[in-house]
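Peer 1: One structure follows; several queries about it will come next.
The values are calculated or read from the model by the stated rules, or taken from the named source; none is laboratory data. Just so it is clear, the structure is predicted and the values come from calculations on it, not from any experiment. A quick note on method: Cβ atoms are made from the backbone with ideal geometry, for glycine too, and the neighbour counts reach across all protein chains shown.
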Amino acid sequence: MAIWSANPGADKFNARLHEICFKTNLDYDNALLPYDIVGLKAHGRMLAQCGLIPNDDGAKIDVELAKMLEEARAGQLKMSPEWEDCHSLIESTLIERIGDAGKRLYMARSRNDQVVSATRLYTLDRLAGLEELYLALCQELLEFARRHASVPMPGYTHTQRAMPATAGMWAAAYLEILLAQAPILRNARSLSSVNALGSAAGYGTAFPIDRDAVTRELGVERTLVVSLAAQISRGQVEAQTLHALWGIMLVINRISTDLVWLTSAEFDFFDVAKSCTTGSSIMPNKKNLDPCEILRARYHVFCGYQRQVEGAISSLLYGYNSDYQETKGPFLEGMRLCAESIEAIGIVLAHTTPKEAKMRAALSPDIFATDLTNRYVMEGATFRDAYIQVKKALETVEAEDPATNIRSKTHLGAPGNIGVEVLAKRLDEAKKLLKG
């Protein structure tokens, strides 16, 4: 049902063309529905405060929208195929329930500023939940690093054994990279903590409205001042939000890749509980780490969503363009995918255990060659001479006790001092930044 049609019978849009170009994904509109109502409640209160609608009508609107908000959150008020979008559902339902008072709400706004506002409010809510998952994943990695800080493990470069490391160092490295994402997440939240309502279709309105009053009512950081900026930021904020999540998704991809290999028979360094693995339909011996294979691939799916949003908004003339509608699906899917991926890798890590004996056995004599070179340097040789001496006699390099070797490396960040407590403090700082 199109709210822009003055005569639905005579002005009926071509049904097949509508189906191809405008058919809405009901799940996407249902996701935005509660946030659209929240924005309209703030808008309605402002209209009454400015004397643009009678106080009695403003009260009716406010009460009914509150009921509709509860219904939307409970799944009782929801989209069905006959509605053009969630905005038309809300408008029609409100008018049906309170009559002409409901019609008064639809002044000094547009579906354009409604969808921008609903998307920003949705993003703030989803980011809050995502940040909780992110902090939980950081905590899981911190605990893994602390438990296994001294468990010897081969370090690799070029996918070849290189130098001694520890299982705790492996986890701590990914933790530190994840912790660096906290300010980026906070900035992403700030991008959406804005009020776009009152910008209407991008060029303001003749009604004497108070946009800052809506900003205060919504509890967001600031008003998007220039009406046109409020409109043409659509898609860009969504793309930048997905950019902010990209670093997290990359870490999940890397951890997943490591675990797929490190649990294989060829490495056999880690064990993952059966509850996180699958079997084969024909091979009884298989124990597959399918979740990590799927998570590894979902990074690329996520990047595809990000590119779709970026592509949809490029090369557009200023002002509203229907191209913006094509950003909704990939943005919502990208947000969902990231949250689920963070949760999933956290579950896998909680059920992962290093196999210390296997990793110790993999610490072959040659992995200690660099340490032998360094000892010659500390005894007075130049580094290049020591390097050549060891390289010419690699077969004579002897295995060392891994625990002793690791304890000898004490500078911050080395295998014997991976800085777990430093990272713990940084995690506390990240919690304060995101929860403050």
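This table checks each residue for (1) touching a Gly at 6+ places or on another chain (Cβ under 9 Å); (2) crowded, with 22+ Cβ neighbours inside 10 Å; (3) modelled with pLDDT under 95; (4) closer than 24 Å to residue 305 by Cα.
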site: 190; (1), (2), (3), (4): no, no, no, yes
site: 200; (1), (2), (3), (4): no, yes, yes, no
site: 205; (1), (2), (3), (4): yes, no, yes, no
site: 220; (1), (2), (3), (4): no, no, no, no
site: 246; (1), (2), (3), (4): no, no, no, yes
site: 259; (1), (2), (3), (4): no, yes, no, no
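Peer 1: On to the next question. Is it true that some residue in segment 71-89 is assigned to a loop (DSSP other than H, G, I, E, B), among the basic types (Lys, Arg) and out of contact with any His (no Cβ under 7 Å at 6 or more places or on another chain)? First the steps, then the outcome.
Peer 2: Step one: filter segment 71-89 for residues assigned to a loop (DSSP other than H, G, I, E, B), giving 75-85.
With the extra rule that they be among the basic types (Lys, Arg), the set shrinks to 78.
This time we only want the ones that are out of contact with any His (no Cβ under 7 Å at 6 or more places or on another chain), so: 78.
The answer is yes; a qualifying residue exists.
Peer 1: Whether any residue in segment 369-388 is in a helix (DSSP H, G or I) and touching a residue at least 60 places away in the same chain (Cβ under 8 Å) is what I want to check. Please lay out each step first, then the result.
Peer 2: Within segment 369-388, the first condition is being in a helix (DSSP H, G or I), and the residues that meet it are 369-378, 383-388.
Still in the running and touching a residue at least 60 places away in the same chain (Cβ under 8 Å): 370-371.
So far as segment 369-388 goes, yes, one or more of its residues are in a helix (DSSP H, G or I) and touching a residue at least 60 places away in the same chain (Cβ under 8 Å).
Residue-by-condition table, conditions (1) surrounded by 13 or more Cβ atoms within 10 Å (Cβ to Cβ); (2) of a type outside the set (A, V, I, L, M); (3) not assigned by TED's automatic domain parsing to the domain that holds residue 328:
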site: 262; (1), (2), (3): yes, no, no
site: 265; (1), (2), (3): no, no, no
site: 284; (1), (2), (3): no, yes, no
site: 291; (1), (2), (3): yes, yes, no
site: 298; (1), (2), (3): yes, yes, no
site: 301; (1), (2), (3): yes, no, no
site: 305; (1), (2), (3): yes, yes, no
site: 313; (1), (2), (3): yes, no, no
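Peer 1: Going by the structure shown, is residue 241 of a type in the set (Val, Ile, Thr), at pLDDT below 95 and either in contact with a strand residue (DSSP E or B) (Cβ under 7 Å, 6 or more places away or on another chain) or within 30 Å of residue 326 (Cα to Cα) (or both)? It would help to see each step written out before you state the result.
Peer 2: Numbers: of a type in the set (Val, Ile, Thr): yes; at pLDDT below 95: no; either in contact with a strand residue (DSSP E or B) (Cβ under 7 Å, 6 or more places away or on another chain) or within 30 Å of residue 326 (Cα to Cα) (or both): yes.
Here the answer is no, as residue 241 does not meet what is asked.
Peer 1: Considering only segment 98-144, state which residues are farther than 30 Å from residue 347 by Cβ, of a type in the set (Gly, Ala, Ser) and part of a helix (DSSP H, G or I).
Peer 2: Just the residues of segment 98-144 that are farther than 30 Å from residue 347 by Cβ, to begin with: 98-118, 120.
Next, only the ones that are of a type in the set (Gly, Ala, Ser) stay: 99, 101-102, 108, 110, 117-118.
Selection gives 101, 102, 117, 118.
Peer 1: Select from segment 207-218 the residues that are buried (at least 19 other Cβ atoms within 10 Å of the Cβ) and either touching a strand residue (DSSP E or B) at 6+ places or on another chain (Cβ under 8 Å) or outside any helix (DSSP H, G or I) (or both) and list them in ascending order.
Peer 2: Going through segment 207-218, the residues buried (at least 19 other Cβ atoms within 10 Å of the Cβ) turn out to be 209, 211, 213-215, 217-218.
Result: 209, 211, 214, 215, 218.
Peer 1: Is it true that residue 238 is touching a residue at least 60 places away in the same chain (Cβ under 8 Å), touching a helix residue (DSSP H, G or I) at 6+ places or on another chain (Cβ under 6 Å), acidic (Asp, Glu) and within 30 Å of residue 213 (Cβ to Cβ)? Steps first, please.
Peer 2: Values: touching a residue at least 60 places away in the same chain (Cβ under 8 Å): yes; touching a helix residue (DSSP H, G or I) at 6+ places or on another chain (Cβ under 6 Å): yes; acidic (Asp, Glu): yes; within 30 Å of residue 213 (Cβ to Cβ): yes.
Yes, satisfied.
Peer 1: Against the condition assigned to a strand (DSSP E or B) and not acidic (Asp, Glu), how does residue 162 come out, does it pass? Give the steps one after another, and end with the answer.
Peer 2: On the way: assigned to a strand (DSSP E or B): yes; not acidic (Asp, Glu): yes.
In short, yes.
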